[in-house]
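Input: a single structure, listed below in structure tokens.
Rule-based calculations on the coordinates, nothing more; no lab input. The model shown is predicted, which means the values in this text are computed figures rather than measured ones. Cβ coordinates were reconstructed from backbone atoms using ideal geometry, including for glycine residues, and neighbour counts include every protein chain displayed.
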Amino acid sequence: MATRTMTHISNDVVRKRRDASTIVTASRSYTKADSDGIFDIATDALVQTLPLITTDNIGMKLTFRMTAADGVAIITLAPNALDGFEGTIVNAAADAVASGVVDKDLVLTKATSNDGDLIVVQATALTRWSVLHGIGIWASQA
């Protein structure tokens, strides 16, 4: 697993903290073993496929962060065909609302993507990935 070191400045004191994240360079499917992971994506047009939610993986949480230059990468989160996303991402343009409809992707729009945009999703019930937090303009698949 690749790691990144981030520097934070507070009251003129420099502190370093390890941000244990995985750099993703290809489309991939996730499993329960990836729970609580932070996944950095800088490559355009990757599809990140989430596992089918079962009683065994309810509570699984994943964070996806765009780390490419602004306007360079589209990120697609694809739930299992039996699951859907539910929740709202508040942003300056227009809130992105995921309605819970099954088999619909969430997409970070390329033209408006910014380095640091992210989404945190958690399996909160059978068939439901809840959006816990989001930055950027994510669109629900029509």
Among GLY136, THR124, THR76 - extreme Cα towards positive end, dipole of region 57-142, charges at beta-carbon: THR124
Treating only the Cβ of Lys, Arg, Asp and Glu as charged (+1, +1, -1, -1), what charge dipole size does the chain show about its Cα centre? Round to the nearest 20 debye. 380
Hypothetical label at THR31: residues of region 45-84 whose amide nitrogen lies under 13 Å (7 Å Cα-Cβ projection): 51-52
Of the peptides 102-109, 38-45, how do they stack up when ordered by the mean number of other Cβ atoms within 10 Å, highest first? 102-109, 38-45
Summed side-chain charge close to ALA111 - residues other than ALA111 whose Cβ falls under 15 Å, Lys, Arg +1, Asp, Glu -1: -3
Return the aspartates and glutamates within reach of LYS61: Cα separation strictly under 18 angstrom, same-chain partners fewer than 8 residues apart disregarded; answer none if there are no such residues. ASP19, ASP34, ASP36, ASP40, ASP83, GLU86, ASP105, ASP117
Non-local residues with an amide H under 5 Å from the amide H of SER27, with H modelled 1.01 Å from N and Pro and chain starts lacking one, are VAL47
Measure off 7 Å from each Cα along the Cα-to-Cβ vector at ALA69 and VAL102, then give the distance between these two points in nanometres to one decimal. 4.3
Given the candidates THR88, SER99, PRO51, the one whose Cα lies deepest towards the positive end of the charge dipole of the chain, counting +1 at each Lys or Arg C-beta and -1 at each Asp or Glu C-beta, is PRO51
Gaussian network model of the chain, springs between alpha carbon atoms under 10 Å - residue of ALA93, ALA73, ALA125 with greatest fluctuation: ALA93
Can you give the relative contact order of the chain as a percent, counting alpha carbon pairs under 8 Å and 6+ residues apart? 21
